[in-house]
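So the structure is just underneath, and the comments pick up after that.
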Amino acid sequence: MVWVGGALDKYTHLLKQFVGPNQQYFQWFEYAALARWLKQHQQQPVVLIGHSYGASTAAAVVAAGHPVQQLITIDPVSWRKPDGWAVRQYASQWQNYLASDARLNFANLVARCGGQWQQWPASFAHQHQLLQADHATVVARALLDWRAQQQITQTLNSRPSV
């Protein structure tokens, strides 16, 4: 698993708090380091998770031709968007989570100023889901949702065929 934190993750640890042992973590501006890491591990199934500016960095690196098994973008933010079709091509599974709570608070204000992607990924992601959460609390909600989906898939795959 590889994680890419947003611009304020260095201080808030919204994403970093979920990073487990033997997992990689990059900051949103470490595009080249993330690309190198993915190239070195291209023969392994990689799950890449990013939030805010980190989500846009993760999507941009994937779009540049670095394949991943699964890309999870959580409320991506940036004024530049990658080629959506390229992201879809190089991510075997792309799940995007969008924070739908638009109340005015610090986290949502930061996301709006940063260039929140809103519904744009819906045209390209394999899954696009709105979560009732703001830009900060959407991380925990998205990861809970994603983990629940993983458990359901594992349960279904482990059932004996008839």
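The values are calculated or read from the model by the stated rules, or taken from the named source; none is laboratory data. Predicted model only: the values in this text are computed from it and were never measured. FYI the Cβ positions are ideal-geometry reconstructions off the backbone, even for glycines, and counts take in every protein chain you see.
Observations on the model:
- First in the range 35-49 and without any contact (Cβ under 8 Å) to a residue 40 or more places away in the chain and on the phi < 0 side of the Ramachandran plot, second anywhere and surrounded by 11 or more Cβ atoms within 10 Å (Cβ to Cβ) and of a type in the set (Ser, Thr, Tyr), Cβ under 9 Å, 6 or more apart: Pro45/Ser92
- Members of the range 85-100 that are surrounded by 17 or more Cβ atoms within 10 Å (Cβ to Cβ) and of a type outside the set (Phe, Trp, Tyr): Val87, Arg88, Ala91, Gln95, Asn96, Leu98, Ala99
- Arg103 vs. criteria among the charged types (D, E, K, R) and surrounded by fewer than 17 Cβ atoms within 10 Å (Cβ to Cβ): yes
- Residue check, Tyr11 aromatic (Phe, Trp, Tyr) and either modelled with pLDDT of 95 or more or touching a Cys at 6+ places or on another chain (Cβ under 6 Å) (or both): no
- Tally, over the range 1-48, of residues that are part of a loop (DSSP other than H, G, I, E, B) and in contact with a helix residue (DSSP H, G or I) (Cβ under 6 Å, 6 or more places away or on another chain): 5
- Complete set of residues in the range 28-84 that are touching a Pro at 6+ places or on another chain (Cβ under 6 Å) and either of a type outside the set (S, T, N, Q) or surrounded by fewer than 20 Cβ atoms within 10 Å (Cβ to Cβ) (or both): Ala55, Ala59, Ala60, Ala63, Gln69
- Sole exception among (1) under 25 Å from Ala136 (Cβ atoms); (2) in contact (Cβ under 8 Å) with a residue 12 or more places away in the chain for Ala64, by number: (1)
- Any hit, the range 97-105, residues being within 21 Å of His135 (Cα to Cα), acidic (Asp, Glu) and touching a Leu at 6+ places or on another chain (Cβ under 8 Å): no
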